[in-house]
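Structure record follows, encoded as structure tokens.
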Amino acid sequence: MNRAWRVRLAAALAEPPQDEHEDDSDWPIGIDGFRPAAVLIAVTDRPEPGVILTERASWLRRHAGQIAFPGGSIDPGDADPVAAALREAEEELGIPPSAVEVIGSHRVFHSASGFAVTPVVGVVPPDLPIRPDPQEVADWFEVPLATLFDSGLLVARTGQWKGAERRYYELDWPDGGARRIWGVTAGIAANLARAMERAGA
């Protein structure tokens, strides 16, 4: 990955920790009721890097069919959110933890579905063989990092969820075709994009 992107990401991750909600409306459960989770933002080590995303299997109980970073709930055996994100990436895509150069973690993202998600940013080799677990992952693809973290392309929208109007982000990416990047994934990307802007990176 080129040095400019490393500097930008490092500047964003150096922000003081603070929580970020998916929207500004009232939450159905208290802040202590959110289930800890972690995702890996796997950045491919290319001159123009990309980010690996998954399409979740259609039969999963939560977020079926959605576009997501590899990740999931933090298990009791996980040492920390980083360990959880690496474990989940290995389980879902066959990415060995030893192949990931962890840069750092960003602020916790509280989703409307009740998860407190820690985004972990790591760099992976560009030619890493990906072996998706068919029980969890229907497909995977790579989106340009410059696109995913472009605040101008991450559009805030509103919609009804469980009887309440909620705000969410969606990536206005024509090249995405039928792949709709929205919700938690786009929200985490929007947070990181804004952090890079605040840092002047």
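The values are calculated or read from the model by the stated rules, or taken from the named source; none is laboratory data. Everything numeric in this text was worked out from a predicted model, so none of it was measured. As a convention, Cβ positions derive from the backbone with ideal geometry for all residues, glycine included, and neighbour counts pool all protein chains shown. The accessibility values were calculated without ligands, DNA or RNA, using every heavy atom of the protein model including side chains. Shrake-Rupley method; radii C 1.70, N 1.55, O 1.52, S 1.80 Å.
Numbers for the structure displayed
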quantity	calculated
Environment charge of residue 91, counting only residues whose C-beta is closer than 11 Å and scoring Lys/Arg +1, Asp/Glu -1	-4
For residue 50, residues with placed amide H under 5 Å, excluding near neighbours	44, 145
Heavy-atom accessible area ranking, 1.4 Å probe, most first, across 131, 46	131, 46
Student exercise, the range 78-153 dipole from Lys, Arg, Asp, Glu Cβ charges, in Debye to nearest 20	260
Integer Hz, Karplus 6.51/-1.76/1.60 couplings in order for the range 121-130, x for Gly and Pro	9, x, 9, 10, x, x, 9, 5, x, 9
Karplus (6.51, -1.76, 1.60) ³J(HN,Hα), θ = phi - 60°, over the range 146-154, in Hz, Gly and Pro reported as x	5, 7, 5, 10, 9, 4, x, 9, 8
Normalised per residue, the volume of the convex hull around the Cα set of the range 76-134 (Å³)	110
Net +/- balance of residues flanking residue 125 in space, Cβ distance below 14 Å, scoring K and R +1, D and E -1	-3
